[in-house]
Every structure is written in C-alpha cells, then in structure tokens.
Amino acid sequence: MLLHKITLQDFGAYQGEQQLDLRTQPGRPIVLIGGLNGCGKTTLLDAIQLVLYGPKAECSGRGTRGYNDYLEQCINRKADRSSGAAITLEFTISVEAEERHYKVVRNWYFTGSKTLKEFLTVKVDGQFSRTVTESWPDHVETILPIDVASLFFFDGERVEQLADPERAAKVIESAVQSLMGVGTVERLRNDLKALQNRQQLSGQQQEFLDKIHSLQQELAQASQVVSDSAQKLAGFTSQLDVCKKDLRTAEQDFARAGGNAFEQRKELEAERARIDELAKATDKALVAVAEGPLPLLLLQKQLAGVKEQARLEREADDASRVVGALEERDEWLIQQLTESLPAAARTALKKKLTDDRRKRAAAADLDQALGLPHDALMQLSALDQALVSDSARACDLLQEAADIAERLESADQQLGAVPEEQLIKDLMVQRKAAMDKVAVAQAQVQRGEALLAEATSREARLAAELKRAQRGRTEVEWQSEVLKRVDKYSDKARRTLEKFGAELLTRHIKSVEVAVLQSFNKLMRKQGLIRDIRIDTDKFTLQLTDSEGEPVDPGRLSAGERQLLAVSLLWGLAKSAGNRLPSIIDTPLGRLDSRHRQHLVDRYFPQAGRQVLLLSTDEEIDENLLGRLKPYIAHTYTLVHDDKTFTTTVEPGYWWTAGAAHVA
C-alpha cells in the first residue's frame, strides 16, 4: 500500500482545502512534515485513520466522545456548517501483481434540520464502485486491518508504552496473526470445524428415511382405497344397468298403452284449441274479402262490355269537344295560306281538313245509351286491379283454411286416441318407480366415480412424492458417504493446519526475534546491552537477555531505551511482514538523546519501509538531522499556524530549506 495524496477540507485546524503530495521515489521513501506543537501534526495522522476506518478509527482527539460529536468537533470553526468538512485519501495497492488506484472521500455536514450527515465515496481506478463503497468497513480490513494500523500509524511519544510486556504481547500477537498469515491458518481451522458442524446431517437423514417409510404406508393404504372404490363403483354401475333395463320395460308398456299420448293430452288439447282459433280467424278473413268487390268476378263478361262502352262514350265526348275547335282552326289555317300556293294544293288541303272534321263529327254522334261518367274507364280499371288482388288473397285464405282443417282433423284423431286415466294409472306408477330407482342408482355411480377419482389422485400424488423421495434417498445415502469423507478429511486437514500453524508461528516468531534484535542493536548507543530477545509463542511476551545471559526487566531501561525497544519491535515486525505498508510516525524523536536520534535518522527512517511519513517539530529533526535525512526525502512540508485565526495551512518546504515557509 502506497499513499499518493491527502486532501483536507475544513478539517480541524486546516481551513479551506489543504493538499499534501505523499508519493515517494525509490531511494527517497521519506515525506517530512514539520510543525510546531499545536499546529496539526496529530490531526493529520487522525485524518488518515478517520478517512479509512470511520467510527472505528482510534483518533487521539476523540476520547470518550460519540462519533457524531467528534465529527462535529472536527469541522473547522471558520467553515460553513452546511458545507461541513471532508477528507480525501488516494493510494494504490497491488492485487495479484496488478496495481489498483483507490480514492476514498469521507465528508460530513449539517442539514437544514441541524442533523449531521456523513457520506463515504470510494472510486477504484477512477470509477465509482458502489460495491466497494457499501462494503468499505470490511474491504479496508483486507487492505490494512485496523488491529495492525497501530504498528504503522503511531505517536513516537506513546510508542514507549509498547516496551511494556503486556502491551508488546498484544502488538506482537496482532502483527503475527494479521500480517504473517498465522491468523489465516487458525481461521481456516475454525472454518473447517464450522463446516463439520454444519455437515452433521444424520438426524435429517433418519427423518428423511422415516418420511419415505411413512409415504410407503400411505401409498399402500391409498392403493387399497382405490381398489375398494373401483369395486364399489362396479357394483353401482351394474345396479344402474338393471334399473335402466327395468325403466325401458316400463316405458315400453306405458307407450303401448298410449301413455305418451296421455301425458301429452294437455299439450294436444292446447294445440287443438290453437288450431281452432286459427280456423276461425281464417273464416273471418274470407268473409271480409267476400264483402268487397270479389263477387263481381261472376260478371267478368258484363264488366268487359261496360268497360268497352265506357271507352267509346269517352272517345265520342272527346270528339264533340274537338270538332268546333277544329273548324275554327282549319278556317284560320286556310286564311294563312299565301297566293303562291297552287290552287290544287289549297283545294286538296281544304278537302283533307273537311273529311277529318266529318269523321270526328260522326264519332261524336255515337249513341251514349249508358250515360257513363267521363272517368268511368279509370274506375273500371281500378276495379280490375282490386279484383286481381282480392282473388289472390281469397286463394291463399282458402288454401290456409284447407290446411287448418287437416290439422284440426289430425288433432281430433290424436285426442281420440288418448286413453282414460283409470286405464293407465298403474303403468304410470310403475314407470315413476323405475325412474326413481334409476335416479338413485345414477347418484350412487356419480359418488362412486368421485371417490375413485379422489383416491386415484391421492395415490398418484403419493406415488410421485415417494418416487422423488426415493431418488432423494439415493442422494442422501451418497451424501452420507460424502459427509463421512468430508468429516474425515476435515479432521485430517485441521490436524495438518494445526501443525502447520504451529510451525508457521514458530518460524515467524524466530524471524521477528532476529529482526527486532537486529533493529535494536542498530539503534542502541550502548552496544551489547541486550544480547538476545525471545518471544513466547503462547503469550507473545518479550523476554530480554543481557550479555551475561541474565533476564532484563524492560522497566529497568531508560525512557529513551524503552522507546528504541518499542521502535525496534515495530521495525522488526514490519520487516518480517515485508515492509508493504506505509509508516506514519508522529513526534518521532521525543525523549531521545542526540546519539539515539542520529541512529534513528541514519539507520531507521531511511529503511523503515517504501514510504515513511515523519511528523516532526523543529527541535526533533533540526537543521543537522535534516541534512542527514535529505538524501532520502521525497517531499517536505511545513504546517503554518495562524495564532490569530487559529487555522493551519500546508506550505511546501521545511525549516532551513529553500522556499520554506516563515515560522514565527
């Protein structure tokens, strides 16, 4: 894990946006950040832990405060509370030899209802990841477990406490378990045990087999019910056949005795009455037709003579009307002829017109013996049409009357064939009894069919369930063998892991012992003070031995020596874990004399890891020590505090470097 950049927005004493580039270079692993006491060095360390771990972060300024109270306290006093504060940390990690870039943003602010809201956003390789964001508390534990963070993010003034055997034991155990894989082995053993516990299915298997036995019994009973139901249905069907045969015999006897006609008597009487009404209506219609001009059909020859006379009288009347008008017309026409027309032509025309008048005058002299009116011909034509219509209507009514008479005769014959009730009463009783027996037998058959269908359905359902269960029994038996093998090999694997874990622990402990002792000897001014360092594999306690082989109580060491021992412990653990995590050291040289400070500067800081962030005062890393560290420094910053506004800004450079910020 390598830190790239941290951005603070109105966090603590840091007003506005303050950024620090934390990237290092090969051979230059150190980022030196200077600041006087109270300028915000520890706040910077807290910010890194807070952005990563949120409520779980062990921040120095939190104390016993609740998380929301602590977040509220961390908003810069000059900042707008509705905008709040934010921390952004960018870093890279290596996942399966591939570098992944993370950008974690944690911000919080007050809403209009004065409620504190906190948001976390995580981008991976520049893309927002909802999955990583939502599971960040668990995801960050895979990157840098919080139990291990104290090994790499620590306060130099408090690191001396790690020289205490109990505190050192907790740190050693945490490092060995988390960083060196020993805890993973133990978790594997526990997971295998949990797997074995989950695989205890013998009770379920027995329950499953009992269920199969119960299904077999239920299926046998269901099959017997099906057989019984089928037999009952066969008996009901046979009884129904007998009853139907008796009913057919009774119906035949009843029909031969005229029973059908007797049952239909009321319908026959009603039909006879309806036909009689039709006959009466037809007779009435015929009378109505006869009351009209229809009888004149008997005088068709006379009507034809009258019609001819009406025509002649009408023509004579028309001619008498025209003769006088024609004479005046002809006179006027002759007068209109010019002298140019030949005399013969005029004479011929006069003769033609005179002959025409004589012919018309002869027609007008016809004897009008009947004295018929002028429109008599039209009336006689209308009478002809009426006679044709009434004649057709009379023919239809006569045909209808004949059909009704036949139907009436047939109805009378049917009614005449109906027997008396006394003659057929016994047959009716017999037929009714036979019909009742058939109805009872049919109801029994229907009930029998329903019972058989229900029994058959239950039998099929139980058979299918048993078939599935029997397939499952094979699977259960196979699974039982598998579980036995799982249990057997899980025990074997757990024993192997137990041995492997013990060997791995012993190996890592020896590695840590060597690394811590080497680190301590590099840092100590007094060579030979501690000849050997041992770590108990059960309690993880430190055991120091002097040059004469006698045990050394850490409490007898000076404050500076205890601090160097604690630093050596952290350095040794980091080296044993591969130095893959950054180290952030706040107040790195407190309580140390000048020789020990030089040893830390020369021998520890440049080799503590690929990335080392030093948060120092001007008295810890002074101008002399700065010169010794300079070849290994990638970046320098100074935290400049304004005592009037109580705010801190980040300026490039360090005391005694070109371009460094002026510090009052």
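The values are calculated or read from the model by the stated rules, or taken from the named source; none is laboratory data. No experiment lies behind these values; they were computed from the predicted model shown. Heads up, the Cβs are rebuilt from the backbone with ideal geometry, glycines too, and the neighbour counts pull from every protein chain shown.
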Checklist entry - Would region 422-432 turn up any residue that is exposed (fewer than 13 other Cβ atoms within 10 Å of the Cβ), at pLDDT 85 or above, within 30 Å of T237 (Cα to Cα) and not polar (S, T, N, Q)? => result no
Next on the checklist: It is to be established whether one or more residues within region 145-154 are more than 30 Å from the chain's Cα centre (by Cα), surrounded by 14 or more Cβ atoms within 10 Å (Cβ to Cβ), in contact (Cβ under 8 Å) with a residue 24 or more places away in the chain and assigned to a strand (DSSP E or B).
Outcome noted: yes
Next on the checklist: R62 - would you say it is crowded, with 16+ Cβ neighbours inside 10 Å, part of a loop (DSSP other than H, G, I, E, B) and basic (K, R)?
Outcome noted: yes
Item to check | Verdict on D390 being modelled with pLDDT of 65 or more and surrounded by fewer than 16 Cβ atoms within 10 Å (Cβ to Cβ) | outcome: no
Checklist entry - For region 523-557, what are the residues that are within 15 Å of H599 (Cβ to Cβ), surrounded by 14 or more Cβ atoms within 10 Å (Cβ to Cβ) and either at pLDDT 80 or above or not charged (D, E, K, R) (or both)? => result L523, M524, L529, I530
Checklist outcome for this item: Among D355, D330, the single one that is surrounded by 13 or more Cβ atoms within 10 Å (Cβ to Cβ), in a helix (DSSP H, G or I) and either modelled with pLDDT of 70 or more or charged (D, E, K, R) (or both) is D330
Checklist entry - Residue check, L32 against (1) under 30 Å from K644 (Cβ atoms); (2) of a type outside the set (K, R); (3) outside any strand (DSSP E or B), all met but one. Which one? => result (3)
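Every residue, every condition in (1) of a type in the set (D, E); (2) at pLDDT below 75; (3) assigned by TED's automatic domain parsing to the domain that holds K488; (4) farther than 22 Å from L565 by Cβ, yes or no:
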site	(1), (2), (3), (4)
Q127	no, no, no, yes
I146	no, no, no, yes
A163	no, yes, no, no
T184	no, yes, no, yes
Checklist entry - Do you know which residues across region 510-550 are free of Cβ contacts under 8 Å to residues at least 24 places away in the same chain and at positive phi? => result G528, G549
Checklist outcome for this item: Pairing a residue in region 31-43 that is touching a residue at least 40 places away in the same chain (Cβ under 8 Å) and closer than 10 Å to L615 by Cα with any residue that is hydrophobic (A, V, I, L, M, F, W, C) and assigned to a helix (DSSP H, G or I), where Cβ atoms lie under 8 Å and the two sit 6 or more apart in sequence or on different chains, gives L32/L626; L32/L629; I33/L44
Checklist entry - Restricting attention to region 193-207, does a residue exist that is at pLDDT 70 or above, surrounded by 19 or more Cβ atoms within 10 Å (Cβ to Cβ) and not basic (K, R)? => result no
Item to check | region 37-55, subset on the phi > 0 side of the Ramachandran plot and out of contact with any helix residue (DSSP H, G or I) (no Cβ under 8 Å at 6 or more places or on another chain), residue modelled with the highest pLDDT | outcome: G40
Checklist entry - T645 passes all but one of (1) crowded, with 20+ Cβ neighbours inside 10 Å; (2) assigned to a loop (DSSP other than H, G, I, E, B); (3) among the hydroxyl-bearing types (S, T, Y); which number fails? => result (1)
Checklist entry - Would you say E58 is closer than 19 Å to S150 by Cα and at pLDDT below 90? => result yes
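Report, by residue number, each residue of region 78-95 that is surrounded by 13 or more Cβ atoms within 10 Å (Cβ to Cβ), part of a loop (DSSP other than H, G, I, E, B) and at negative phi.
Matches in region 78-95: A79, R81, S83.
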